[in-house]
Amino acid sequence: MKLSGKVAIVTGTSPNIGGGIAEGLAEEGATVVCVDVASENAAQCADAIARRGGQALGLTCDVTDEAQVEAMVARVRDAYGRVDVLVNNAGILGGLSVLEMPLARWNRQIAVNLTGTFLCTKHAARCMVERATGGSIIVIVSTAGHQGQAGNIGYCTSKSGLLNFTRAAAMDLARHRIRVNSLTPTATDVEEGIERAVAWGRPRPEPRSRLLDFQKMVPMQQLPSPRHYARAAVFLASDDAEMVTGIDLRVDAGAIAKYWPWVPQA
Ligand SMILES: NC(=O)c1ccc[n+]([C@@H]2O[C@H](COP(=O)([O-])OP(=O)(O)OC[C@H]3O[C@@H](n4cnc5c(N)ncnc54)[C@H](O)[C@@H]3O)[C@@H](O)[C@H]2O)c1
């Protein structure tokens, strides 16, 4: 078990990526705090971990509200005495083009994706510094943060901001032995998230419809699933990565490395 004795906070624990990462960290022995603005996502993720014999706590918190974030970290410190790992995964996906994007929708997406990560990092890192425990902070980005995607201005902007947030925070926190790295997922296979929702007692959700056939475009011809991101998160959270900070670990089946006009199946 790579994370025995560690306390991890994961934000945005829907049955998809956040739930997959939370379960993956718990399988390696971490105590996991599942944090979500939607209380059923926090509670059901924690319940699922507990049913499999893990230690977990579900907390409802809006990551854009500093008072709520501060209170959430204080609850974790009171319950377990420390925070070792933070996974900033909460996010709002999707969007509109620069011509269409309403200011209120832009502001909310930037607030959740960028400011929420800043606030959780700030308060979790303060706890790590106070307790002199060191720690690992992981920021979930997206291949859309590396490239210009049409019709997704707020998402692309916030996710690319997170890439340099990661490097700058890594510099601020290096002397406290707190490592900060990002993890880049890409278009994700939907089956595992559907199965997890069903395992959490929900009706089988309809898969999100997609305009492009991502599987044909990606070099490995298979889209990653949340469990693949979870394994990378376990590595970054664990002492195996003790000298790794300020990097972006892409778990994208080769998407970003690809020469853009090449269509692998053609
Ligand atoms: N699904 C993909 O294909 C994909 C690809 C690349 C990157 N990502 C990234 O992975 C992460 C998770 O994506 P997902 O597909 O599981 O999305 P999702 O919509 O299933 O989960 C996002 C979670 O964040 C929570 N959330 C939203 N606003 C919040 C707030 N203010 N405070 C706390 N929680 C809040 C939601 O309630 C939800 O549970 C996101 O950061 C996303 O950008 C996803």
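The values are calculated or read from the model by the stated rules, or taken from the named source; none is laboratory data. Nothing here was measured: the structure is a model prediction, and the numbers come from that model. All Cβ positions, glycine included, derive from the backbone under ideal geometry; neighbour counts span all protein chains shown.
Some points to look at:
- Search result, residues across region 189-220 that are farther than 29 Å from W260 by Cβ and in contact with a Lys or Arg (Cβ under 8 Å, 6 or more places away or on another chain): I194, A197, V198
- The residue that is nearest to the ligand (Cβ to nearest atom), among those in region 105-114 that are over 20 Å from G19 (Cβ atoms) and of a type in the set (S, T, N, Q), is Q109.
- Of the helices (runs of 4 or more DSSP H) lying entirely inside region 141-238, not one carries at least 2 residues that are surrounded by fewer than 16 Cβ atoms within 10 Å (Cβ to Cβ) and of a type in the set (G, A, S).
- Within region 221-235, residues that are closer than 22 Å to K258 by Cβ and among the aliphatic types (A, V, I, L, M) reach partners that are at pLDDT 95 or above and in a loop (DSSP other than H, G, I, E, B) with beta carbons closer than 8 Å, at six or more positions or on different chains, in the pairs L223/T186; L223/A187; L223/T188; L223/D189; L223/A253; A232/V251.
- Residue count for region 24-44, restricted to those that are over 12 Å from I138 (Cβ atoms), in contact with a strand residue (DSSP E or B) (Cβ under 8 Å, 6 or more places away or on another chain) and part of a helix (DSSP H, G or I): 6
- With respect to the conditions (1) near the ligand (Cβ under 10 Å from one of its atoms); (2) in a helix (DSSP H, G or I), S14 falls short on a single one, namely (2).
- I256 fulfils the conditions (1) assigned to a loop (DSSP other than H, G, I, E, B); (2) away from the ligand (no atom under 16 Å from the Cβ) except for a single criterion, (2).
- Scan region 70-104 for residues that are under 21 Å from the mean Cα position of the chain (by Cα) and within 16 Å of the ligand (Cβ to nearest atom) and the total you get is 16.
- Matching residues in region 140-161 - criterion: being of a type outside the set (V, I, T) and more than 9 Å from the ligand (Cβ to nearest atom): H146, Q147, G148, Q149, A150, G151, N152, G154, C156, S160, G161
- Of note, V83 satisfies the criterion of being in a loop (DSSP other than H, G, I, E, B), buried (at least 24 other Cβ atoms within 10 Å of the Cβ) and in contact with a strand residue (DSSP E or B) (Cβ under 9 Å, 6 or more places away or on another chain).
- In region 17-63, the residues that are over 28 Å from R208 (Cα atoms) and either of a type outside the set (D, E, K, R) or within 7 Å of the ligand (Cβ to nearest atom) (or both): G29, A30, T31, A50, G53, G54, Q55, A56, L57
Each row is one residue, and each column tells you yes or no for (1) hydroxyl-bearing (S, T, Y); (2) modelled with pLDDT under 95; (3) under 21 Å from the mean Cα position of the chain (by Cα).
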position	(1), (2), (3)
Q215	no, yes, no
H228	no, no, yes
D248	no, no, yes
Y259	yes, no, no
Q265	no, yes, no
